[in-house]
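Structure, as structure tokens:
The values are calculated or read from the model by the stated rules, or taken from the named source; none is laboratory data. Just so we're clear, the structure is a prediction, and the values are computed from it rather than from any experiment. Heads up, the Cβs are rebuilt from the backbone with ideal geometry, glycines too, and the neighbour counts pull from every protein chain shown. Surface areas here come from the heavy atoms of the whole protein model, side chains and all, with no ligands, DNA or RNA. Shrake-Rupley method; radii C 1.70, N 1.55, O 1.52, S 1.80 Å.
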Amino acid sequence: MTPETKQETAVEDIKRSSNYLRGEISRELDNDVAKVSNESEQILKFHGIYAQDNRDVRRERAVKGEELDYIFMIRIAIPGGRLTTDQWLALDGAATDVADGTIRLTTRQAVQFHGVLKDGLRPLARAVDAHLMTSFGACGDVVRNVVSCPELQSNDANERLREISRHLTRSFRATTEAHWEIFVNGDKAVSREEVTERPFYGETYLPRKFKIAVAHPNENCVDVLAQDVGLIPGRHPEVGEGFNLVVGGGLGRAYANPDTFARLADPMTFVTYDEVEEVIAAVLVTYRELGDRTDRKRARMKYVVADMGYEQFRKEIEVRLGRELREPLALPTHFDADDHLGWRTRPDGTHQVGVRVSAGRVRDDDTSRLRSALRLVAQRHPVTFFLTPQQDIVISAIPGAARENVEEILRRHGVRPVAELGNVERTALACPALPTCGQALAEAERRLPELVGHIEGALARRQLGRRALQLRMTGCPNGCARPAVAEVGIVGRTKSTYDVYVGGGPRGDRLATLYREKVPFDEIAVVLGPLFDRWEAEGDAEESFGDFLTRVGVE
Ligand code: SRM
Ligand code: SF4
């Protein structure tokens with residue numbers, strides 16, 4: 001069956017009849033039931049809210065005949081990951097007031113709260129709104145939080161680049177007032193009859209989510225080629241400053257659907273600052289019209305580009321724009337991701353320190369009291385926080401006089417300096433997976449430290465203990481920690497086994513290949529052993545694991 005003859009998914013109807021993202025949410029928030037209807041679940045995503053249940057207690061509750069432990073996750077979109085101290089303190093307060101006491105930094109510079117009960121949703125939305133933040137558009141079939149390299153946003157950075165992710169997030173946010181009516185200002189939905197949505201959204205919004213990131217010209221911490229649209233700042237010899245614009249990336253796959261795949265974006269054109277919005281809008285309209293609304297697993301824009309062919313897709317954009325697109329510039333050759341960790345002095349004389357956050361989970365526990373440390377820094381010093389696309393946090397704009405105190409606060413709270421981090425630990429990523437993610441097939445975040453230990457051990461037993469290696473782990477092939485472009489990507493396959501991918505790299509310009517399937521957790525480092533042996537014996541001194549495997553090939 002072709003997409004034309006197939007039925008649209010039920011989600012399309014739910015969107016269409018939601019009266020611009022209102023549906024029955026308001027009424028359901030007011031009732032005494034712990035969960036919401038399926039329709040509201042779908043629409044709540046546009047408001048940045050996911051209905052979940054605590055999977056750790058599913059079985060015991062089922063045995064006792066009890067209902068599931070219904071909880072919600074709220075994702076707050078933080079364009080470019082930039083936060084004032086007031087905003088951080090508001091998020092910190094919300095973690096205690098309505099969530100599970102943790103703040104989860106995401107791989108797209110957002111913040112997530114887990115374990116929120118239904119009656120905590122409105123107070124949380126109001127608390128973040130009061131500090132100029134919102135969860136609206138952090139999820140759903142819209143343009144998501146626009147990611148940007150933290151380096152582009154420092155107080156001393158180029159003004160236009162500094163603002164680009166906020167600007168694009170605002171320009172591509174849905175215009176319906178639904179969120180503010182339902183969650184913030186009270187329910188005015190009945191008085192509302194007509195909404196003029198942005199032309200690229202309409203009543204059914206996009207076929208699926210749409211992701212934009214802005215990379216640094218010389219380093220790829222944002223994984224720019226994994227985006228629906230990626231922007232790489234550059235200078236064109238004829239038209240001056242602007243961006244190389246890449247299209248059609250995406251990393252999710254589904255075991256149940258062999259037609260799904262990870263794809264790197266193609267360089268499409270060079271745009272000036274004045275053109276960037278217009279070209280992205282043309283891409284969005286094309287995607288809105290041609291994306292597959294009959295199969296949510298194949299609805300991403302990368303499939304439009306792949307099915308149509310990149311050249312044809314580019315022509316389509318030209319037709320819609322009514323003009324020819326400029327050729328793109330060559331992609332940067334030095335593009336290894338910066339992890340932004342450790343102390344640096346900025347050109348304006350202030351200091352910054354990038355702090356590692358294991359799997360993005362800011363909390364106080366037996367090993368460190370990171371959450372308390374960040375709270376104290378925010379209370380005492382006029383700094384700026386940047387969340388990184390590697391789930392870490394940079395404390396930036398630290399005045400010279402405050403540096404020593406910030407250092408002391410971090411040390412006293414057991415936050416390890418970058419020099420004490422293991423070489424795999426330093427850049428390892430993991431998605432939340434169990435117990436909150438409904439799609440998780442296996443553990444990720446909770447077993448990341450153990451896996452890091454196994455792999456660092458295997459490297460140390462060879463003469464590789466000082467070599468960096470990029471490890472990313474997810475509980476399923478949706479790929480939320482971007483394992484598909486990692487040097488070692490560990491992807492949940494069944495409850496106790498993982499698929500092992502190898503050969504990506506810190507430039508993010510290569511897809512990893514499947515090396516071994518269904519490997520039990522304890523054997524992951526063991527199956528990688530022969531590859532580590534070869535890297536030790538045949539690799540050049542400075543050659544990364546991914547580059548080495550790409551040179552010699554993987555069997
Ligand atoms: Fe993701 C779905 C977590 C980045 C691909 N992702 C989910 C959900 C909402 C599960 C669900 O649908 O029920 C996860 C919430 C679990 C939980 O308990 O918190 C979830 N994704 C995350 C985060 C929090 C992972 C993290 O460790 O930080 C990231 C939040 C980003 C943000 O702030 O917006 C996150 N997700 C990504 C990325 C990486 C990226 O964008 O750079 C990807 C791969 C890139 C891509 O989109 O192709 C990604 N997430 C997916 C997919 C697969 C989509 C597809 O193309 O098929 C799903 C499944 C879906 O949407 O149905 C998914
Ligand atoms: Fe959940 Fe899979 Fe994403 Fe991990 S990769 S958060 S298991 S959807």
Being buried (at least 21 other Cβ atoms within 10 Å of the Cβ), touching a helix residue (DSSP H, G or I) at 6+ places or on another chain (Cβ under 7 Å) and of a type in the set (Ser, Thr, Tyr) is the filter here; which residues of region 195-223 pass it?
TYR205
What residue, among those in region 226-241 that are away from ligand 2 (no atom under 16 Å from the Cβ) and under 20 Å from PHE172 (Cβ atoms), is farthest from the chain's Cα centre (by Cα)?
PRO233
Set GLU318, GLU241: member being of a type in the set (Asp, Glu), in contact with an Asp or Glu (Cβ under 7 Å, 6 or more places away or on another chain), open to solvent by 10 Å² or more (accessible area, probe 1.4 Å) and away from ligand 1 (no atom under 16 Å from the Cβ)
GLU318
Condition met for LEU471 (within 16 Å of ligand 1 (Cβ to nearest atom) and either over 25 Å from the mean Cα position of the chain (by Cα) or closer than 29 Å to ALA419 by Cα (or both)):
yes
Test VAL452 against the criterion of being touching a strand residue (DSSP E or B) at 6+ places or on another chain (Cβ under 6 Å), at pLDDT 95 or above and away from ligand 2 (no atom under 12 Å from the Cβ), and give yes or no.
no
Contact list please: Cβ distance under 6 Å, first residue in region 108-126 and at positive phi and in contact (Cβ under 8 Å) with a residue 60 or more places away in the chain, second residue within 15 Å of ligand 1 (Cβ to nearest atom) and among the small types (Gly, Ala, Ser), pairs at least six apart or on different chains.
GLN109/GLY81; GLY115/ALA99
Applying the selection to region 429-440, what residues are among the hydrophobic types (A, V, I, L, M, F, W, C) and either at pLDDT below 95 or more than 7 Å from ligand 2 (Cβ to nearest atom) (or both)?
LEU429, ALA430, LEU434
Could you look through region 494-511, keep only residues that are under 21 Å from the mean Cα position of the chain (by Cα) and open to solvent by 10 Å² or more (accessible area, probe 1.4 Å), and pick out the one that is farthest from ASP266 (Cα to Cα)?
TYR501
Could you grab the pairs with beta carbons closer than 8 Å, sequence gap of 6+ or different chains, first residue in region 447-458 and open to solvent by 40 Å² or more (accessible area, probe 1.4 Å), second one part of a helix (DSSP H, G or I) and of a type in the set (D, E, K, R)?
PRO449/GLU425; HIS454/ASP522; GLU456/GLU425
Helices (runs of 4 or more DSSP H) lying entirely in region 268-324 (those with 3 or more residues that are farther than 23 Å from VAL214 by Cα and touching a Lys or Arg at 6+ places or on another chain (Cβ under 8 Å)):
none
Subset of region 93-115 that is touching a Leu at 6+ places or on another chain (Cβ under 7 Å) and not in a loop (DSSP other than H, G, I, E, B) - its residue that is farthest from ligand 1 (Cβ to nearest atom):
ALA94
Go through region 121-166 and report how many residues are within 16 Å of ligand 1 (Cβ to nearest atom), outside any loop (DSSP other than H, G, I, E, B) and more than 24 Å from SER396 (Cα to Cα).
3
List every residue pair whose Cβ atoms sit under 8 Å apart, with the two residues 6 or more apart in sequence or on different chains, where the first one lies in region 428-441 and is more than 12 Å from ASN478 (Cβ to Cβ) and touching a residue at least 24 places away in the same chain (Cβ under 8 Å) and the second, anywhere, is part of a loop (DSSP other than H, G, I, E, B) and within 7 Å of ligand 1 (Cβ to nearest atom).
LEU429/THR107; LEU429/GLN391; LEU429/ALA481; LEU429/ARG482; ALA430/ALA481
Working only within region 355-397, note down all residues that are open to solvent by 10 Å² or more (accessible area, probe 1.4 Å) and either in contact with a Cys (Cβ under 8 Å, 6 or more places away or on another chain) or part of a strand (DSSP E or B) (or both).
ARG361, ASP364, ARG369, THR384, GLN390, ALA397
Restricting attention to region 239-259, which residues are farther than 30 Å from LEU325 by Cα and among the aliphatic types (A, V, I, L, M)?
ALA254, ALA256
